[in-house]
Structures are given as C-alpha cells and as structure tokens.
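First the structure, in the form of structure tokens, and then the observations on it.
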Amino acid sequence: MDFNKTRYIPMSKRRRIYEGKAKVLYEGPEPGTLIQHFKDDATAFNAQKHEVIDGKGVLNNRISEYIFTNLNNIGVPTHFIKRLNMREQLIREVEIIPLEVVVRNIAAGSLATRLGIEEGTTLPRSIIEFYYKNDALGDPMVSEEHITAFGWANPQEIDDIMALAIRVNDFMTGLFMGVGIRLVDFKIETGRLYEGETMRIVLADEISPDSCRLWDAKSNDKMDKDRFRKDMGGLVEAYTEVARRLGILMESENVVHTGPKLVV
Ligand code: TMP
Ligand code: ASP
C-alpha cells in the first residue's frame, strides 16, 4: 500500500470511530487504517478535572510522532504510519488490549502514595504495572492472574507486552537522558495487529508528556501533565521545551495559533 498518496477526506465527511478524552479516531483512507486526531483537552482524575489547553494537541502529535518514528526505526512494532498534519496522524487499526501498562524507574505519583516511598527515590529496578482500562471503574490496578483469568490477554501476549514495554523504556530513557530529562515513568497501550494469518502485539495510542513523567535532570522541574494535575500552570511552555530539546520544533514555530497562516 502506498501511504504517500493518502486521499484527503474532508473532516465533515469522515466517520468518527471513537472519541476519547484527548483524541478522536476517524475512519482512515484505506481499509485497516485510522486517523488519530489530537485534541487540546486535558483531563485528570478520571476526567473530574477538565480544561482545554490551546496548543497541547499539536505538541503531543509532534512529540508522539517523533517517538513512534524512532521506535519503528529500531524495530519496535507500532501502529504509527505517518503524520498527516498539525493535529493528525495516519495509524494502523489494531484491536486495543484493555490494559494501561505503566513502567516506572523513579518513585512518583500513585506508586509513591500507595507504598509510602518518597517521590524521587530511584527504584531498585524498573517496575511494570498493569491497570484495567475502564473509566467507569477508574482504571483499577490488576495482576497477570486477573488478565489471564478474564481473557484480556493470554500469557504469551503478556510476555510480548512486557518485552515491548522494556524496549520502549530502554529507548526512551536514553533519548530523554541525552537532552537533560529524566524519564520517571510512563504509560503505554498495546494492540493486536492482524496481518493475514498472523497476529502480533504492537505499540498503540500515543507517547507524549500527557502519558509520561519527565523531570528536568538539573532542577527536577516537572515537564509533563503533572503541571495540570497539580495546578502548577505552564503546561504548554513545558511541552514546548520538551519538543525543542528533542529538536522537533523550530524556535520560530508557534503552536498556539493553529489556524491558517498568513503568508507574507
Ligand atoms: P500514576 O503514578 O498516577 O499511576 O501514573 C503513572 C504514569 O502513567 C504517569 O506517567 C502518568 C501516566 N498515566 C496516564 O497516562 N494515564 C492515566 O490515566 C494515569 C492514571 C496515569
Ligand atoms: N487520563 C486520566 C483522566 O483523564 C487521568 C490522568 O492522566 O491523570 O482522567
């Protein structure tokens, strides 16, 4: 399939497949593809807190594109095909596994609270946790026993998911360390990609400062969605700084005003 010749379907004619808190999925131009649209909505605490933050969607689209492209290049399978415009990317349709997979390197957030470990403590090794993706239940933490007993994934798939999570962690830890950022923890989602008779587990959804904890290596300043969760302000500035350090945003680019640009 030649994805360079993607047909443009006007927004009003597209079929909406799914709307989440921060993204919308539309039917794609070819069978087996979808368009993933990044909104400016920020939510926390299972959407009890909600705000529209101008420019967040554009930044997450770019940052996630950069990370998924690099992962594809090192052989980590993902759903990502290509970025289409400021807010959208073309992706492969996958069957989402209903798990939020969290990888932690440094104690923070719910782990620090639940186990009484001081925030900022380096963990003895990276820890993988599973949460059942279910908003009505508030995404409860589950074990491999629950996952296999309820048929959300089988033991082989859990092994594949954990191997994928570790590869993503190794790659991202190095990537961010190289630009003076500590990867504290992050969340990924995975899906089943069917290709003829075969099926494999691939990385899906997004990886952005919405789904990671990123601390400046020198100051420990938060450069992620905790700025919104904790009412600290400066979210777009922090995400812009992440994009700038990764070298994916030109100094002159302004993500807040995403309407048609005046050409002078
Ligand atoms: P937690 O410490 O609140 O459990 O979060 C762990 C990581 O997962 C952190 O990087 C933020 C991310 N995360 C999401 O992406 N979505 C969520 O719904 C939650 C609760 C956390
Ligand atoms: N994404 C979740 C929500 O909206 C929670 C979070 O990221 O903190 O509610």
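Here is how the numbers come out for the structure above:
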{"quantity": "Tally of residues being surrounded by 12 or more Cβ atoms within 10 Å (Cβ to Cβ) and away from ligand 2 (no atom under 16 Å from the Cβ) across segment 17-35", "calculated": "11"}
{"quantity": "Residue among Glu118, Glu195, Glu144 that is at pLDDT below 95, of a type in the set (Asp, Glu) and more than 29 Å from Leu59 (Cα to Cα)", "calculated": "Glu195"}
{"quantity": "Qualifying residue in segment 98-112 (condition: under 26 Å from Gly196 (Cβ atoms), within 14 Å of ligand 1 (Cβ to nearest atom) and at pLDDT 95 or above)", "calculated": "yes"}
{"quantity": "Check on Ser208, in contact (Cβ under 8 Å) with a residue 12 or more places away in the chain and within 29 Å of Val255 (Cα to Cα)", "calculated": "yes"}
{"quantity": "Asp40 being away from ligand 1 (no atom under 16 Å from the Cβ), surrounded by fewer than 17 Cβ atoms within 10 Å (Cβ to Cβ) and touching a residue at least 12 places away in the same chain (Cβ under 8 Å)", "calculated": "no"}
{"quantity": "Residues within segment 227-246 that are touching a residue at least 60 places away in the same chain (Cβ under 8 Å) and within 16 Å of ligand 2 (Cβ to nearest atom), tallied", "calculated": "4"}
{"quantity": "Within segment 163-204, tally of residues that are within 23 Å of Ile97 (Cβ to Cβ) and either charged (D, E, K, R) or in contact (Cβ under 8 Å) with a residue 24 or more places away in the chain (or both)", "calculated": "27"}
{"quantity": "Residues of segment 100-122 classified as touching a Lys or Arg at 6+ places or on another chain (Cβ under 6 Å), among the aliphatic types (A, V, I, L, M) and in a strand (DSSP E or B), total", "calculated": "1"}
{"quantity": "Flag for Thr113 being within 19 Å of Phe45 (Cα to Cα) and polar (S, T, N, Q)", "calculated": "yes"}
{"quantity": "Any pair with Cβ under 6 angstrom, 6 or more apart, that starts in segment 123-146 at a residue that is under 15 Å from Ile97 (Cβ atoms) and ends at one that is exposed (fewer than 13 other Cβ atoms within 10 Å of the Cβ)", "calculated": "Tyr132/Pro140"}
{"quantity": "Residue match in segment 61-74 (condition: surrounded by fewer than 20 Cβ atoms within 10 Å (Cβ to Cβ) and of a type in the set (Gly, Ala, Ser))", "calculated": "no"}
{"quantity": "Count - residues of segment 51-86 that are within 16 Å of ligand 1 (Cβ to nearest atom) and either free of Cβ contacts under 8 Å to residues at least 12 places away in the same chain or on the phi > 0 side of the Ramachandran plot (or both)", "calculated": "0"}
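The values are calculated or read from the model by the stated rules, or taken from the named source; none is laboratory data. Small disclaimer: the values here were computed from a predicted structure and weren't measured. Neighbour counts run over all protein chains shown; Cβ positions are idealised from the backbone, glycine included.
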